[in-house]
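Structure, as structure tokens:
The values are calculated or read from the model by the stated rules, or taken from the named source; none is laboratory data. Quick caveat, the model's predicted, so the values are computed rather than measured. So basically every Cβ, Gly included, is an ideal-geometry build from the backbone, and we count neighbours across all protein chains shown. We work out accessible area using only protein heavy atoms, side chains counted, and drop any ligands, DNA or RNA first. Shrake-Rupley method; radii C 1.70, N 1.55, O 1.52, S 1.80 Å.
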Amino acid sequence: MSVITKVTTYDFRFPTSATFSGSDAMNPDPDYSSAYVVIATDAGDSGNGFVFTIGRGNDVVVRAIDSMSETLIGRNVEELLDNMRLAWDLFVRDSQLRWLGPEKGVEHMAIGAVLSALWDLKAKRAGKPLWLLLSEMEPEELVATLDFRYLTDALTPQEAIEILRAAQEGKAERIAHLKEVGYPGYSTAAGWLGYSDEKMVRLAKQETEVMGFKQIKLKVGQNLEDDLRRLKLAREAVGPDIAIAVDANQVWDVPQAIEWIGKFKDYDLAWVEEPTCPDDVLGHAAIQKAIDPIPVATGEQMQNRVMYKQYLQAGSFKVMQIDATRVAGPQEIVLEYLLAKKFGVKVCPHAGGVGLCEAISQLAMFDYVSVSGEMEDRVVEYVDNQHEYFVHPTVIKNGRYVAPLAPGNGTEMKLDECMKYLHKD
């Protein structure tokens with residue numbers, strides 16, 4: 001038996017606001033940050049997790065992780081790793097922690113960091129990348145780790161088992177295919193609102209012609225004339241065969257979104273992302289109905305699996321997005337993928353921030369292998385930010401994520417190199 005001996009947190013903040021990397025209509029000056037946690041055992045191994053933020057408030061998440069992780073010290077780690085539902089219940093169903101949400105906000109994201117670190121340790125001990133560990137679990141075994149409270153009107157445990165069981169056929173071939181060709185990505189590198197037209201055009205060409213991406217995304221929503229000019233320049237730069245999505249980052253009211261998006265109809269948009277408040281289920285449904293056939297995409301700031309259920313039930317989007325650190329770790333993300341499969345909606349995850357590409361690509365690969373069996377109509381976001389600070393950084397080849405083979409969830413950071421970005425109060 002081994003026990004958890006130490007939980008260490010770090011507040012890393014990278015000064016991305018200096019170059020306007022990450023800038024959009026809602027967030028003009030983000031400093032990409034990581035509330036990073038390392039769970040160590042007396043066996044000498046450890047697991048890593050994190051929450052992505054954009055600067056101020058990163059310390060709040062760190063303190064939330066510190067507060068809840070005290071309960072882990074001295075615990076039998078095998079007991080948790082062998083029964084990850086027990087680990088989930090330890091935090092998510094803690095009645096006093098739950099009061100702070102329930103199941104949303106800083107506390108829920110902090111729980112996700114801790115649970116992600118435990119899954120990382122579980123995958124490392126198994127000698128497998130997380131996507132493969134999850135993919136090779138028996139359907140009943142994986143479903144036993146999941147919490148279906150509030151979901152059974154949309155998805156039952158038995159339906160989840162049936163989805164996973166149906167995906168057993170062809171699984172070995174999909175694993176081999178994934179290792180051979182990787183998973184499709186798309187680039188937001190050119191799209192930040194703080195960039196000049198010249199920089200946007202140069203990066204749009206680089207991401208498509210050199211990096212090989214078949215889709216790019218531009219930020220919109222600050223000034224309509226600027227948006228139309230930049231869309232025209234981007235379309236001229238990449239040509240008709242490259243998909244272009246736009247992202248408003250929640251700045252519009254519902255009527256404004258419908259009116260503004262109507263001006264974009266000539267640019268053959270892949271989707272319009274986060275057109276309004278991420279909690280507004282019916283508002284998104286109204287927008288999707290009004291702008292059809294242009295797809296609405298949202299989900300990166302959706303707080304929990306119950307919100308995804310409602311969006312799917314209401315037909316509020318055609319592209320479902322998920323984020324690696326917004327909800328309570330891999331178990332909740334697996335549930336989100338299962339819900340999407342039940343409702344027949346494709347998932348194109350949010351990424352780009354510190355560690356997000358490394359983390360969410362593994363879950364997208366699990367979905368391809370074990371849930372949807374689909375890849376070519378799906379993409380994972382990519383931005384070249386801070387990958388050099390990871391032990392096993394994301395690798396892009398021909399516009400696709402190379403399937404990671406190193407054991408773990410891919411989010412272990414090079415602490416010595418990150419320490420210069422450690423925030424001090």
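The stretch 344-390 and the stretch 274-332 have their alpha-carbon centroids 17 Å apart. Using Cβ point charges alone (K and R +1, D and E -1), the dipole size of the chain about the Cα centre works out to roughly 280 debye. Within the stretch 230-372, the ratio Rg/Rh, alpha carbon atoms throughout and Rh by Kirkwood, equals 0.97. Heavy-atom accessible area, probed at 1.4 angstrom with all protein chains present, ranks Phe91, Phe20 as Phe20, Phe91, highest first. Based on C-alpha pairs under 8 angstrom that are at least 6 apart in sequence, the chain has a relative contact order of 19 percent.
Computed in the context of the full set of protein chains, the accessible area of the stretch 207-352 at 1.4 Å probe radius has 50% of its extent on carbon or sulfur.
Protection proxy ranking for 359-371, 103-115, using the average of other Cβ atoms within 10 Å per residue and placing the highest first: 359-371, 103-115. With 22 Å as the limit, the listed pairs Lys128/Lys414; Lys179/Lys318; Lys104/Lys424; Lys263/Lys289; Lys124/Lys414; Lys214/Lys346 have Lys179/Lys318; Lys104/Lys424 beyond it between alpha carbons. Each of the peptides 416-424, 42-50 was scored by the mean count of other Cβ atoms within 10 Å over its residues; in descending order, highest first, they stand as 42-50, 416-424.
Histogrammed with a bin width of 5 Å, the alpha carbon distances of the stretch 20-78 distribute as 4, 16, 21, 18, 14, 11, 8, 5, 4, 1 percent, first bin at zero.
Summarising the label geometry, the points placed 7 Å from Cα in the beta-carbon direction at Glu236 and Thr8 lie 5.4 nm from one another. With the convex hull drawn over the C-alpha atoms of the stretch 92-197, the volume per residue is 198 Å³.
Taking the longest Cα principal axis of the chain as reference, the axis of helix 329-343 is set at about 50 degrees. Diagonalising the gyration tensor over the Cα atoms of the stretch 314-371 and scaling each eigenvalue by 5 before taking the square root yields semi-axes of 18, 13, 10 Å, largest first.
Distance distribution P(r), the chain, all Cα-Cα pairs, bin width 20 angstrom from 0: 28, 61, 12, 0 percent.
Computed from Cα atoms, the angle from the helix 157-166 axis to the main principal axis of the chain rounds to 70 degrees.
Roll a 1.4 Å probe over the protein chains and send me the accessible area per residue for the chain in Å². Averaged over the residues of the chain, the accessible area is 39 Å². For the stretch 145-263, a Kirkwood hydrodynamic radius built from all Cα pairs, placed in the Stokes-Einstein relation at 10 °C and 1.306 mPa s, yields a translational diffusion coefficient of 90 µm²/s.
Could you work out [θ]222 nm for the chain from helices alone, using -39500 (n - 2.57) per DSSP H run of at least four and dividing by all its residues? Round to the nearest 500 deg cm²/dmol. Present the calculation step by step, with values, prior to reporting the outcome.
Numbers: 17 runs with 174 residues, N = 425.
Calculated mean residue ellipticity at 222 nm is -12000 deg cm²/dmol.
Dimensions of the stretch 290-403 based on its C-alpha atoms, expressed as ranges along the principal axes with the largest first, amount to 41, 29, 27 Å.
Note that the stretch 1-100 carries a Kirkwood radius of 15.2 Å, evaluated over its alpha carbons pair by pair. Between the residues Val114, Tyr368, Leu422, the greatest Cα displacement towards the positive end of the dipole of the chain, with unit charges on the Cβ of Lys, Arg, Asp and Glu, is found for Tyr368. Hydrodynamic analysis of the stretch 33-166 uses the Kirkwood radius over alpha carbon pairs. Inserted into Stokes-Einstein at 20 °C and 1.002 mPa s, it gives a translational diffusion coefficient of 135 µm²/s. Label-to-label distance, Asp384 versus Asp89, with points set 7 angstrom from Cα along the beta-carbon direction: 4.8 nm.
Cα-based radius of gyration for the stretch 238-293, normalised by 2.2 N^0.38 Å, reads 1.13.
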